[in-house]
1. Tell me, which residue of the stretch B:123-142 that is within 10 Å of residue A:21 (Cα to Cα) and of a type outside the set (D, E, K, R) is most open to solvent (accessible area, probe 1.4 Å)?
2. Pairs please, first residue from the stretch A:129-156 and more than 18 Å from residue B:153 (Cα to Cα), second anywhere and acidic (Asp, Glu), Cβ atoms under 6 Å, 6+ apart in sequence or on different chains.
3. Looking only at the stretch B:19-44, how many residues end up being away from DNA strand D (no atom under 14 Å from the Cβ) and more than 8 Å from chain A (Cβ to nearest Cβ)?
4. Quick test for you: out of A:145, A:107, A:56, pick the one residue that is open to solvent by less than 30 Å² (accessible area, probe 1.4 Å), modelled with pLDDT of 95 or more and more than 10 Å from every other protein chain (Cβ to nearest Cβ).
5. For residue B:74, only one of the following conditions fails: (1) within 30 Å of residue A:154 (Cβ to Cβ); (2) at pLDDT 95 or above. What is its number?
6. With the structure loaded, tell me whether residue B:129 is of a type in the set (A, V, I, L, M), assigned to a loop (DSSP other than H, G, I, E, B), away from DNA strand D (no atom under 16 Å from the Cβ) and facing another protein chain (nearest Cβ under 7 Å) or whether it fails that test.
7. Condition test on residue A:99, is it within 19 Å of the chain's Cα centre (by Cα), within 16 Å of DNA strand D (Cβ to nearest atom), over 30 Å from residue B:151 (Cα atoms) and open to solvent by 10 Å² or more (accessible area, probe 1.4 Å)?
8. Every residue in the stretch A:81-114 that is within 20 Å of residue A:51 (Cβ to Cβ), touching a residue at least 12 places away in the same chain (Cβ under 8 Å) and within 9 Å of DNA strand C (Cβ to nearest atom), please.
Number of protein chains: 2
Amino acid sequence: MDLQNSASVYQLPTPDQCAAALMDTIHPIMQFMRTEMRSQREASLSVPQFRVLAFLRRHPESSLSEVAEHLGVTRATASTMVDRLVQRGLVDRSADPEERRHVRLQLTQTGSEDLERMRQATRQKIAKLLSDLSPEELGFVSQGLTCLSQVFQDATVSEP
Amino acid sequence: MDLQNSASVYQLPTPDQCAAALMDTIHPIMQFMRTEMRSQREASLSVPQFRVLAFLRRHPESSLSEVAEHLGVTRATASTMVDRLVQRGLVDRSADPEERRHVRLQLTQTGSEDLERMRQATRQKIAKLLSDLSPEELGFVSQGLTCLSQVFQDATVSEP
DNA sequence: CACTAACAGTTAGTTATACTAACTAATTAA
DNA sequence: TTAATTAGTTAGTATAACTAACTGTTAGTG
């Protein structure tokens, strides 16, 4: 088959082997991202904080519950996290006049800028590491990630 | 090229694109693993706890500093974490008679069993998700992970 | 219409992770 | 032998996460 030609001799992996590889590989990647985000001079963010801001960038005017659901945490946790971001001036929290139970969350100017700086800095650091790979290897990474992305999309939410 | 044949029409990605994909994809995966490990009936473990046990499985008789370095945390953090695992009866901590500054850490019987149960349960849950993929897709995942593993191996440790 | 359900958000209290700083004890180097 | 380095612990702080208990707000039902 083409697959074996294009990547030298290569034994097709079982789902179990892939799972094991994933469990081993994911930690150093997380570690790297965490360290990068924490080490930014100004605007150091934790990974969860980054995720809140990134979600609000893609979904402006979100409610707290929407943030909580996306992060996979309780509303209590999201509330506290958002509170810190509001205090740091990165997020604006206001009452929704339509549904007064809801709060409307959106990035402030600062929040938007800090997020973008962080996103680019982290992406570039990772990209620099990845530039050691050959074009073919980059292709594998890209396609592998696409598959994983599909598989894990809504995997966690499913169980009640 | 073979690459384009074997995966239909596919534009080669830049390192930057791969980095962006990685940043997006890694969170749902982590989420899933965290939820799985936390939801085990008996022997619920956090991800960091799991990593400590997994390291001690591969490196018995390790010192605290070795654990700390592998996890990428300070000795203070490692000390506290190990302390909890000792209290839970999963890890045995004893003085090293050779070097009396060191402590010798190793899994207890319970720790070893709990770890193995957790490893297999989590791996199977992930494998089940991955079994939706075609053999070719599994190949991409596997090879992509291999590349990422190489790249991120010692990426974090480097900076002083 | 009133009363109850359900929903959204917050607060309090607890546990775990992680940090720095300050400390003790042990080993190595000057 | 004193000084410096190394290993580990402890104290104090911040963040993240949970459950449980609470206040409002909206929707449903008799």
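1. B:142
2. Note: pairs meeting the criteria are A:147/B:137.
3. Residues that pass the stated criteria total 4.
4. Going through A:145, A:107, A:56 in turn, the sole match is A:56.
5. Residue B:74 satisfies every listed condition except (1).
6. Spelling it out, it is not the case that residue B:129 is of a type in the set (A, V, I, L, M), assigned to a loop (DSSP other than H, G, I, E, B), away from DNA strand D (no atom under 16 Å from the Cβ) and facing another protein chain (nearest Cβ under 7 Å).
7. Answer is no for this residue.
8. A:82, A:93, A:103, A:104, A:105
The values are calculated or read from the model by the stated rules, or taken from the named source; none is laboratory data. Fair warning: this is a prediction, and the values are worked out from it, not measured in the lab. Positions of Cβ are generated from backbone atoms using ideal geometry, with glycine treated the same way; all protein chains shown enter the neighbour counts. Each accessible area value is taken on the protein alone, full model and side chains, heavy atoms only, with ligands, DNA and RNA left out. Shrake-Rupley method; radii C 1.70, N 1.55, O 1.52, S 1.80 Å.
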